[in-house]
Amino acid sequence: MTSLKRVLSACLVFCYSSVLSAAVQITVTDQQGLPLEDAVVELLDPANIKFSQKKAEVKQQDLTFIPFVSAYQTGTAVDFPNMDKTRHHVYSFSPAKVFELKLYANKPEAPVVFDQAGIIALGCNIHDYMQAYIYVGDSQFLQVSNGKGQVNFVDLPDGNYQLKLWHPWQNADWVAQQVQIKDGQTHNYQLAITAQEKPKKPKKGFGASYTP
Ligand SMILES: [Cu+2]
């Protein structure tokens, strides 16, 4: 490769990465400013919707749903594998997806396709204390906050996004905000949710006596 070609290819890499480098970094806290895990952030721009998530998994292990909160794009097929020796009977009565997977071990025959945006509360008919949530959004830009309350979106196309926020223990719906992304800017936000104290996740052996 000639030196001119090297310079040109380096420029192309640089220019390309700068076009794709728009980012949104968010820290979610509770009302006391403490990091809040399990918050879902969605960045939704109808002009920038592209279906990207095809398959996902919410497993049952040690009588617990894992993950506790997950977020998928509409159209995603979710498997519910059972890693326990006992059988589970997973269900949802939530309007966005009503379903039940009757008593099963290992893996149900077919995944559940979540085709409508909304919040799905999961339960198990056998173990009342098992609970988990699936947030289904129309955007492919969906993340769940980690233990530090952080989410980090990278490579966002330019656009006008609605920034949506949800947490299972929030006291009230959060009002969506508008975020304009352009020219590869990085946006940093700290967002607070007024949330109830999160019930402790059940440990194996708590049995039916566990009350969240
Ligand atoms: Cu169960």
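Summary of computed values
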| quantity | calculated |
| --- | --- |
| Checklist (1) modelled with pLDDT of 90 or more; (2) under 15 Å from THR29 (Cβ atoms); (3) more than 18 Å from the chain's Cα centre (by Cα) applied to GLU197, failing item | (1) |
| Pair list, Cβ under 7 Å, 6 or more apart: region 110-134 residue acidic (Asp, Glu), other residue more than 15 Å from the ligand (Cβ to nearest atom) | ASP115/THR74; ASP115/GLY75 |
| Residue within region 65-76 that is surrounded by fewer than 15 Cβ atoms within 10 Å (Cβ to Cβ) and away from the ligand (no atom under 16 Å from the Cβ) present | no |
| Hits in region 29-50 (condition: within 16 Å of GLN150 (Cβ to Cβ) and assigned to a loop (DSSP other than H, G, I, E, B)) | ASP30, GLY33, LEU34, LEU36, GLU37, ASP38, ALA39 |
| So LYS97, is it outside the structural domain of TYR189 (by TED's automatic domain parsing) and either of a type in the set (Gly, Ala, Ser) or within 16 Å of the ligand (Cβ to nearest atom) (or both) | no |
| Pairs where the first residue, in region 155-177, is loosely packed, with under 14 Cβ neighbours inside 10 Å and the second is β-branched (Val, Ile, Thr), C-beta under 6 Å, 6+ apart | ASN171/THR194 |
| Residues located in region 51-67, provided they are assigned to a loop (DSSP other than H, G, I, E, B) and modelled with pLDDT under 95 | PHE51, SER52, GLN53, LYS54, ASP62, LEU63 |
| Residue among TYR91, TYR72 that alone is touching a residue at least 12 places away in the same chain (Cβ under 8 Å), outside any loop (DSSP other than H, G, I, E, B) and over 17 Å from MET130 (Cα atoms) | TYR72 |
| Qualifying residue in region 82-93 (condition: surrounded by fewer than 16 Cβ atoms within 10 Å (Cβ to Cβ), outside the structural domain of GLN150 (by TED's automatic domain parsing), of a type outside the set (Phe, Trp, Tyr) and away from the ligand (no atom under 13 Å from the Cβ)) | no |
| All positions within region 102-124 that are modelled with pLDDT under 95, of a type outside the set (Lys, Arg) and within 16 Å of the ligand (Cβ to nearest atom) | LEU103, TYR104, ALA105, ASN106, PRO108 |
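The values are calculated or read from the model by the stated rules, or taken from the named source; none is laboratory data. Nothing here was measured: the structure is a model prediction, and the numbers come from that model. Positions of Cβ are generated from backbone atoms using ideal geometry, with glycine treated the same way; all protein chains shown enter the neighbour counts.
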